[in-house]
Amino acid sequence: MAATTPPKVLFEHIGVFVHSSTHDVEDQDLLISGYLRVLDKDGETVVEYKPLEDTVDPSNMLCACKDSSSVVEWTQCPSDRSHHVVDQQQQSCETEWDMVNTVSFKRKPYANGEGTSYHTHEKNCCAFSFTAADLRTVTVKTEGWTHLIFCLKDDTTLPTIHFHQGGCKEFMDCLQRCVHLTECPRDKTTFLVSCQNKALSQSFENLLDDSNYGLVHKLQKDPYVATLGGFSKVTNYIFDAFRGPELEQREMPAEEEDVAADILGEIIPGLEINQLEEPGFEVITRVDLGSRPEVQRGEPLSLADWVKYQDKEGRVRKVPELKERIFKGGLCHVVRREAWKFLLGYYTWNSTSEERKSLQRRKTDEYFRMKLQWKSVSEEQERRNSRLRDYKSLIEKDVNRTDRTNKFYEGLENPGLILLHDILMTYCMYDFDLGYVQGMSDLLSPILYVMENEVDAFWCFVNFMDEMHENFEEKMQGMRTQLIQLSTLLRLLDLAFWNYLEAQDSGYLYFCFRWLLIRFKRELHFQDVLRLWEVMWTGLPCQNFHLLVCCAILDSEKQKIMDRHYGFNEILKHINELTMKLDIEEILHKSEAICLQIKNCKDLPCSVSEILGLKAACDKSTLELSDYGILTPPLHTSGELVSNGHGQLSETSSNGYKVAFIS
């Protein structure tokens with residue numbers, strides 16, 4: 001017989017517990033510690049739990065609590081700070097704080113061997129193993145810590161396993177890469193398990209950089225690369241998996257489209273395929289935007305001009321005029337280091353030079369205190385902190401591939417790379433809930449390049465991330481909102497083009513995902529990114545100007561897309577190939593012209609006014625429409641024709657978003 005392939009460990013976590021008594025907490029006198037594994041045995045996914053030899057009596061465990069008696073003491077010890085790259089032994093010398101007392105636990109002795117056979121019996125009962133194909137449901141509950149309950153298809157309920165020391169999320173992520181998990185409609189803590197279509201799973205495997213990671217994981221961790229780099233592949237694989245080679249030309253049935261939509265919805269969390277419309281009521285007339293006005297750009301603001309806008313104490317005067325100058329022409333590079341601090345809100349416009357020096361001293365101290373938090377983590381601590389390890393691993397991976405063709409970051413052991421790494425690690429301490437998500441290094445890189453200073457770059461990055469935070473949150477609500485808003489603007493500007501995209505299953509505008517996620521950082525040459533960002537940071541000429549930048553790019557490409565009859569995949573490919581081919585000045589010209597064209601429109605829909613921050617126009621429009629009774633809800637929700645006495649209204653409804661078209 002041929003030797004079988006040894007099982008491949010996909011996940012392993014030590015320190016998972018089974019309670020000896022789950023019915024009465026007061027009788028819970030024993031915790032059985034073990035390890036949980038997910039294995040790949042000859043292509044079959046197996047989950048197994050095995051107890052360890054030792055058990056822990058929880059009644060004898062001493063834990064750090066929030067009372068004053070258990071607060072860990074810290075003492076400061078002198079140490080010279082080094083700004084050079086050093087090895088781990090040298091780094092330990094840089095630590096400024098040492099922990100002087102410890103937390104321990106004691107083990108309860110058993111007289112005359114009592115308890116030994118009991119432990120063995122309990123451990124034997126608690127071990128289990130099953131294949132993912134035999135799993136029906138997984139219930140995830142949190143009561144102080146997270147615990148899981150597995151129910152098999154033969155109605156067997158396995159012992160509850162408790163994650164006292166974390167690891168549940170990582171296990172569920174691994175399981176989700178092996179099977180399809182669907183939230184139970186009747187119980188949100190329970191997930192229904194189904195094995196994915198084999199052809200679809202195999203197709204997904206073809207996209208992997210690392211066989212341990214599934215596509216959903218890849219997109220969640222690195223959405224800006226995976227979305228445009230692999231999204232067209234994803235679509236082909238999904239559709240091919242459903243159709244099969246012999247049915248390549250067959251139209252996909254509605255129920256199969258729903259399944260594909262569910263999968264795509266999982267790929268980009270928070271972007272619900274069939275719920276792109278926001279709830280509410282909007283009346284949209286066939287708006288005549290009029291002609292697009294001509295606009296003129298200016299020259300970059302020089303250092304001499306920048307100095308003229310400051311008084312003797314360093315306050316910036318005529319701020320609206322200055323912002324207009326920056327919007328029209330950007331900044332000379334020599335001005336950026338100072339001006340960006342104002343544009344990003346690190347400095348206030350009315351602060352004096354002395355106030356800014358005082359602020360820098362405080363912020364420097366605050367920064368290095370946060371930096372010390374991760375610099376002083378021992379290897380033993382890091383081994384017990386999976387989130388910190390994950391953040392550190394992702395940062396090291398990203399730093400090594402961020403803007404390496406730029407002289408500021410090229411070469412090995414480049415000081416710029418070290419600063420990039422340290423700032424991102426310190427940001428994890430500043431916002432540990434968010435931590436680090438791939439793509440954030442792209443937002444920091446230009447800021448550090450301009451500042452050439454670790455502390456200033458950090459605080460400017462913090463302020464930029466305040467604006468971009470929702471883009472990187474797990475639910476990606478910021479991305480979903482922006483795609484909805486962009487769709488609304490595109491429909492107003494060119495309904496025919498939007499209808500074409502919709503007919504090609506591209507109305508969701510996912511091909512703009514990377515543009516929005518990292519503000520065109522990967523689409524433009526590095527110097528053009530600096531120009532675009534400083535223009536956008538002025539807040540002129542309207543709110544969400546970056547959405548009009550998207551509209552300007554699409555406006556330039558729409559004729560090619562429509563004339564060549566591009567379908568879904570061709571559109572994605574075409575947009576992706578625009579990288580490094582875009583003219584920043586042409587884009588800014590067109591974006592500003594589009595903004596003025598919209599502002600000049602007298603009958604602007606309220607939704608568009610809100611997106612662009614044109615509230616006065618929105619209030620006026622709402623008042624006028626209310627006079628005609630058009631906004632008195634509810635008109636109708638059935639899609640039938642209704643009349644309000646001023647003409648006929650035809651109404652459509654999409655997921656609760658009711659749109660009335662005046663004919």
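The values are calculated or read from the model by the stated rules, or taken from the named source; none is laboratory data. A quick note: this is a predicted structure, and the numbers were derived from the prediction, not measured. So basically every Cβ, Gly included, is an ideal-geometry build from the backbone, and we count neighbours across all protein chains shown. Accessible surface areas use protein heavy atoms only, side chains included; no ligands, DNA or RNA. Shrake-Rupley method; radii C 1.70, N 1.55, O 1.52, S 1.80 Å.
If each residue of separation counts as 0.36 nm, what is the full-extension length gain between N463 and K599 once their alpha-carbon separation is subtracted? Display every interim value, and only then the final one.
On the way: separation 136, 0.36 × 136 = 48.96 nm, distance 2.90 nm.
Going from the current span to full extension adds 46.1 nm.
Here the 3J(HN,Hα) profile of the range 491-504, calculated from phi with Karplus coefficients 6.51, -1.76 and 1.60 at θ = phi - 60°, is 5, 5, 6, 8, 4, 4, 5, 4, 4, 5, 4, 4, 5, 9 Hz, Gly and Pro shown as x. Taken one residue at a time, the phi angles of the range 148-155 give Karplus couplings (6.51, -1.76, 1.60, θ = phi - 60°) of 10, 10, 9, 10, 8, 5, 8, 6 Hz. Gly and Pro are set to x.
Could you give the dipole magnitude of the range 286-385 about its Cα centre, charging the beta-carbon of Lys and Arg +1 and that of Asp and Glu -1, in debye to the nearest 20?
Numbers: 24 positive and 16 negative charges, 17 e Å.
Dipole magnitude for the range 286-385 comes out near 80 debye.
For the range 459-502, the dipole from Cβ point charges (+1 on Lys and Arg, -1 on Asp and Glu) about the Cα centre works out to 160 debye, to the nearest 20.
The label point for A304 and the one for S378, both projected 7 Å from the Cα toward the Cβ, are 6.2 nm apart. A Förster distance of 56 Å, applied to the separation of the beta-carbon atoms of E577 and R136, puts the FRET efficiency at 0.75.
Once backbone amide H atoms are built at 1.01 Å from N, Q310 has R317 as its partners under 5 Å, excluding neighbours fewer than 5 places away on the same chain. If r is the Cβ-Cβ distance from E48 to L495 and R0 is 60 Å, what FRET efficiency results, to the nearest 0.05? Calculated value: 0.55.
With K and R counted +1 and D and E -1, the other residues having a Cβ less than 9 Å from that of L36 yield a net charge of 0. Here the accessible area is traced with a 1.4 Å probe on the protein chains. For the range 544-619, carbon and sulfur cover 50 percent of it.
Remark on R519: its backbone amide H falls under 5 Å from none of the residues 5 or more positions apart or on other chains, H modelled at 1.01 Å from N.
Quote the FRET efficiency, to the nearest 0.05, computed for A127 versus M562 with a Förster distance R0 of 51 Å and r equal to the Cβ-Cβ distance.
Details: r = 63 Å, r/R0 = 1.23.
So, using R0 = 51 Å, E works out to roughly 0.20.
Amide H to amide H, with H built 1.01 Å from N, H180 comes under 5 Å of S194, C195, Q196, counting only residues 5 or more places away or on other chains.
Since only L517, P446, Y436 are under comparison, the one whose Cα sits farthest along the positive direction of the charge dipole of the range 423-522, derived from C-beta charges on Lys, Arg, Asp and Glu, is L517.
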